[in-house]
Amino acid sequence: MVEAEVWTVEEMNRVFNTAFWGHTFYDWDEVVLPNLQSEHLSAEGEDRTMFQGISLEYRRFMSESMLECFRLEYQEIKKEMPNISVTTNLMGFYKPLDYQKWAKDLDFISWDCYPEPGDTPAETALQHDLMRGIKRQESFVLMEQTPSVTNWQPYNRLKRPGEMRLLSYQAAAHGADAIQFFQIRRSIGACEKFHGAVIDHAGRDDTRVFREVEQLGDELEQLGDVFLEGRTPAEMAILFDWDNWWALEYSAGPSIRMKYLDAVRDYYTAAYESNVPVDIIGVEDEFNSYKIIIAPLLYMTKPGIDKKFRDFVKNGGIFVTTYFSGIVDEHDLVIQGGYPGRLRDILGIWVEENDALPEGEKNSFVYKGNLYPAEILCDLMHLEGAEALSVYEKDFYQEMPVITRNRLGQGYAYYVGTRSNREFYHKFLEDIFTEAKITETMITPKGVEATIRVRDDRKILFLMNHNKENKQITLNDDYTDLLTGKEYKTGNSIEIEQRGVFVLLKINK
């Protein structure tokens, strides 16, 4: 990839900053792969590197090389069958491959969804939304899921009765147009002989798993194409970027506890649990259709992304970013002149220092009358036009801003200079939603998900109970139950069983 981009040796030395520690290259033959025999080391169980620039570029090279292999296979298939659609199995947040680049070469997105036993419903929903988002919010295919059990996890827990159906409808609610399984029949040997299947080793059609799959198939046939190619009407987006993921977690400092996906999940989960739909977008996607864009831990600011955010805010949008953002350019070289670099005028702040807190240590801050923890990293910032919404409670930076808001044009840019807890993110986003005039899909009990897909003039509401007990829900409109045909009026109360699902069509008035 380095030579493919037609770099000179001098340019390579610049972007890798090889003058550090006398690593200057004088010829292409001197370049070695970044691994444990050269620049990498294993520290605290993490793959670290002494030269982030070359390691980042190697990540890009490997992702692009595998994509080029796919392109060659794609072209050969199209020569023989030009009218078919070609795809490959993706795997959610799979770090080695930049799926936002891969999506451009896939005719449609398909992915394998295998939640681990400890995953929350929000974490699974986030991965579905990522798969929808990498191809500009187009619907996708759930290519694989197990009907019952996986085989590669340390403890391979059975899906409980109703769980497979619930997870299948969650996929549909977040953009899946097809629900499929791996595998139809269990293998008798090799590493997946104990992986779940529609037909077990017993070879019977009266097992619990077979009957549940049969029921789901009957229901999907009954639903037909009612929600196919339907879109999720999101007014909020979270920006995700693979290059940022790679670069941030290769960084030598300030904290090994700083994880990109954790920061993304913080904000996504708060929106998900509030039943506010979210699109996952990339740096190349358009911003204008959203009221809110959140870019957690935007360590890397690629060329032009600051202008997109600046224009977005000036035109009335709300932009939220967090601690350790705006630090480096696309080559992992620090943007000089003060953090957060190219975002500084948008946010109206200057971050002077970052205090990394070891596990178990916390600072704190008060927001809207409640005390919240400040963990992992505390940015020490100065106001340059922004207003402080909250300040640190202790240490030598007591009274320094921790949350700020800056007016720019018709909109606002927020900076959250630390990581906090679930309660904070819920309260903070509640205020942001109010400011942006975004309302929830429906008010539901905790653990009951309400998600909408819209196709033409049809609005399909999915209600999914992720709890282990039944829940009561008050409907906010007139609906027809697409599985039973029963009609409901605004204000009607319905009971949803544990792991139960309703698929409701809004009655147009």
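No lab work stands behind these numbers, since they all come straight from the coordinates. The shown structure was predicted, so the numbers you read here are calculated from the model rather than taken from an experiment. When we count neighbours, we look across all protein chains shown, and the Cβ atoms used for this are built from the backbone with ideal geometry, even at glycine.
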Under the Debye formula (equal points on every Cα, no solvent term), log10 I(q)/I(0) of the stretch 269-337 at q = 0.22, 0.24, 0.26 Å⁻¹: -1.05, -1.18, -1.29
Computed Rg/Rh of the stretch 320-362, alpha carbon atoms with Kirkwood Rh: 1.03
Packing-based exposure ordering (other Cβ within 10 Å, fewest first) of 283, 32: 32, 283
Whole-number D in µm² s⁻¹ for the stretch 448-506, Kirkwood Cα-pair radius fed into Stokes-Einstein, 37 °C, 0.692 mPa s: 283 µm²/s
Cross-link partners of residue 291 among aspartates and glutamates (Cα-Cα below 13 Å; sequence separation of 8 or more within a chain): 235, 279, 311, 435
Ordering of 53-62, 355-364 by burial proxy (mean other Cβ atoms within 10 Å per residue, highest first): 53-62, 355-364
Highest average packing first - 69-78, 491-500, Cβ atoms within 10 Å: 491-500, 69-78
Assigned charges on the beta-carbon of Lys, Arg, Asp, Glu; the stretch 225-374 dipole about Cα centre (debye): 480 debye
Least to most buried among 415, 372 (fewest other Cβ within 10 Å first): 372, 415
Residues of type lysines that residue 506 reaches as a straight line, Cα spacing below 20 Å, ignoring anything fewer than 8 places off in the same chain: 459, 486, 489
Sparsely packed chymotrypsin sites (Phe, Trp or Tyr not before Pro) within the stretch 366-414, loop by DSSP, other Cβ within 10 Å at most 14: 396
Isotropic mean projected area of the C-alpha convex hull, the stretch 87-223 (nm²): 8.8 nm²
Lysine pair number, Cα distance threshold 20 Å (strictly under), the stretch 87-223, separation 8 or more or different chains: 5
Mean-position separation - Cα centroids, the stretch 1-50 and the stretch 438-495, in angstrom: 54 Å
Cβ charges +1 (Lys, Arg) and -1 (Asp, Glu), total dipole of the chain, debye: 1520 debye
Most positive-pole-ward Cα, 385, 252, 226, against dipole of the chain from beta carbon charges: 226
The chain: antiparallel DSSP beta bridges as a percent of all, rounded to 5: 65 percent
Scaled radius of gyration (Cα, divided by 2.2 N^0.38 Å) that the chain gives: 1.04
Modelled FRET efficiency - R0 35 Å, residue 219 with residue 62, Cβ distances, 0.05 increments: 0.25
Relative contact order (percent, whole number), the chain, Cα cutoff 8 Å, 6+ residue spacing: 11 percent
